[in-house]
1. Estimate the FRET efficiency between residue B:251 and residue A:215 by the formula 1/(1 + (r/R0)^6), using the beta-carbon distance for r and 56 Å for R0, to the nearest 0.05.
2. Across peptide B:202-212, what mean number of C-beta atoms from other chains lies inside 10 Å of a residue's C-beta?
3. Just by accessible area at a 1.4 angstrom probe, what is the order of B:122, B:182 from largest to smallest?
4. Shielding of A:67-79 by partners, i.e. mean partner chain Cβ atoms within 10 Å per residue?
5. Could you tell me which residue out of A:169, B:64, A:17 lies farthest along the dipole of the protein assembly as shown toward its positive end? Charges go on the beta carbon: Lys and Arg +1, Asp and Glu -1, centred on the Cα centre.
6. For peptide A:214-224, how many partner chain Cβ atoms fall within 10 Å of a residue's Cβ, on average?
7. How big is the charge dipole of segment B:150-217 about its Cα centre, in debye rounded to the nearest 20, if each Lys and Arg gets +1 on its Cβ and each Asp and Glu gets -1 on its Cβ?
8. Which aspartates and glutamates have a Cα less than 18 Å from the Cα of residue B:70, not counting those fewer than 8 places away in the same chain?
Amino acid sequence: MPIVETENLTHIFPDGTIAIQDISLKINKGEFVVIAGANGSGKTVFARHLNGLLKPTKGSVLIDGKPITENIIEARRKVGLVFQNPDSQIVGQTVAEDVAFGPENLNLPANQVKAVVKESLEAVGLSRFSTRSPHTLSGGEKRKLAIAGILAMKPKVIIFDEPFTGLDYPGVVQVLKQIVKLHNMGHTILLITHELEKVLAHADRLVIMHKGKLVEDGKPEDVIYHSENYGVRMPLNDGQKVATLTWLK
Amino acid sequence: MAEITFFHYIHKDTVLHRMDGRLKLICLLLLSLSASFASKLEHYLVLLFVVIFALLIAKLPIKALLKDIKFFGIIILIVIVVDAFNIPGDPIPYFPVTSISTKGLITGLRFAGRLTIIILVCAVITGTTSLMTLRNVVEWFLRPIPFVPEVRIATMISLTFTLIPVIFDNLAEMMYAQKARCVELRKNPIERINFIVFPLLSQTLRKADEIVYAMEARCYSEVRTRAVFKTNKIDWLLLAICISVFLFVIL
């Protein structure tokens, strides 16, 4: 049974703009899926449906086989969403306070909140910054903090919305290492990006969206050659293999 | 903003940082009231001693605080000058400016003393108490009041303080971007304000929208884990000192 499934998912904004149209997609447990597409192709709107932030105009989202509307809080706990701009996600005045936000919302006992915050900060290597103000962290560290905030809720699936935007080379490497580590730990990963050269070597599947529709879905080495038809740069040079497309050494 | 130390939490491991936030807030009230009621020189001296003692044990960067206090220094000076000139009374003996009255000057100095003490007490409290603790304390004090959504109010306070540095950062970036396009050449100040206020407002509202989504994504709920407060003997001792100071001033 797929861990995330969408059936004919459609979202039309009040002004009539069709953001996504008839998207049917099944994501299996433990998969690493890259969703690519040009700006305005509907990637972020699609991701926000998987976390129950947006309600579909038509169609449905199933998490672990159950409709998301059945228990929205449980769905949000299972599917963590790391936003494109980490500053939007940070609500605490210290790193530890920010990570505690999610578990406190779940009304966990105080000692359990403390334990889960410690564990999440250790997982992303930010323990030494626990008392620092999040706004003094570097771009890569802020992304890691956003990831820790999601990990504290013990999700099964983690969606990363453009996780490399605005990061320098060390920042991209830091965040990519973290994502690969989470995948190796058994998390299902959905990564939205148009920068395929940074991550595609680690993905099991490449999905391409174009003008709100799902136009390609398959193994990265099969799909990648069509990417430029949909406004996504094809990063392979002549004779280069997909397995080499990573910024990790 | 990150460079400003005044009214910002500075993490240290001291008695005041560890103190129960609820008692700390009561101490703030007692010391502020004491400063408001202070009328004799010894009252001010005792209060000043307590505040300096608190600054020292909190290990707050006094030099940086004094540097940041400059803005308040101007306000305090204005208060002294206005009182000295406006309150009628006998002129200061042997002083060349006869329109300054002795009574006015003393009243001005008293007011300035009160203001300085209150500002310093606030600096100690905010420097030693994290925003989350303040939020939890506000929630704790509001909880018994019926029909008051204490969690919502506390979240609003916390978000406001969290967003202030972000808004200032945006403002600074916008001003730089406009300077890069020679905004100084526009002489009409209203026009220049327009170029700042509307984009800033629209950006802030968009950011607020994003934050709402991010909070929803992390299951925001008003039924949340309640803070656990711990009170030790030293906390009670510090409260007792503040009560004694208050009684000394009002009796």
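1. Values: r = 81 Å, r/R0 = 1.45.
Efficiency at R0 = 56 Å is approximately 0.10.
2. Details: counts 0, 0, 0, 0, 1, 3, 1, 1, 6, 6, 2.
Whole-number average of other-chain Cβ neighbours for B:202-212 is 2.
3. Values: B:122 40, B:182 75 Å².
So, going from the largest accessible area down, we get B:182, B:122.
4. Values: counts 0, 0, 0, 0, 0, 2, 3, 1, 1, 5, 2, 0, 1.
Partner Cβ neighbours, averaged per residue: 1.
5. B:64
6. On the way: counts 0, 0, 0, 0, 0, 0, 0, 0, 0, 0, 0.
Neighbouring Cβ atoms belonging to other protein chains average 0 per residue here.
7. Details: 8 positive and 8 negative charges, 83 e Å.
In debye, rounded to 20, segment B:150-217 gives about 400.
8. Candidates past the 8-residue exclusion: B:3.
The values are calculated or read from the model by the stated rules, or taken from the named source; none is laboratory data. Here the structure is a predicted model, which means the values were calculated and not measured. Ideal geometry is used to build each Cβ from the backbone, glycine not excepted, and the neighbour counts take in all protein chains shown. Accessible surface is based on the protein model in full, side chains and every heavy atom, while ligands, DNA and RNA are left aside. Shrake-Rupley method; radii C 1.70, N 1.55, O 1.52, S 1.80 Å.
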